[in-house]
């Protein structure tokens, strides 16, 4: 049960304020759709993308044990963050 709680907290915190959540806020604020439509569409997309990530992680993990995946993922997030900051200062964001 502790593992489930830690996974929930990690994913919940990672999802706060990300581009997907911001896109969902924008869809909900447009008023063209019912809030329930936006909720179920966004929730379905998150469930499907999470299922894909779990499948990929389950099978890829068996073949990629030698790779430092956390280091690679962390470096990727840092690079995306730096790129986003650079785009902001160039005025193209």
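So the values come out like this:
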{"read-out": "Some residue of segment 6-19 being more than 17 Å from the chain's Cα centre (by Cα) and either at pLDDT 85 or above or in a helix (DSSP H, G or I) (or both)", "value": "no"}
{"read-out": "Test: residue in segment 43-64 that is outside any helix (DSSP H, G or I), surrounded by fewer than 10 Cβ atoms within 10 Å (Cβ to Cβ) and free of Cβ contacts under 8 Å to residues at least 12 places away in the same chain", "value": "no"}
{"read-out": "Residue ID - modelled with the highest pLDDT, chosen from residues in segment 65-93 that are outside any helix (DSSP H, G or I) and on the phi < 0 side of the Ramachandran plot", "value": "68"}
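The values are calculated or read from the model by the stated rules, or taken from the named source; none is laboratory data. In this text the structure is predicted, and so the values were computed from the model without any measurement. Virtual Cβ from ideal backbone geometry, glycine too; neighbours counted across all protein chains shown.
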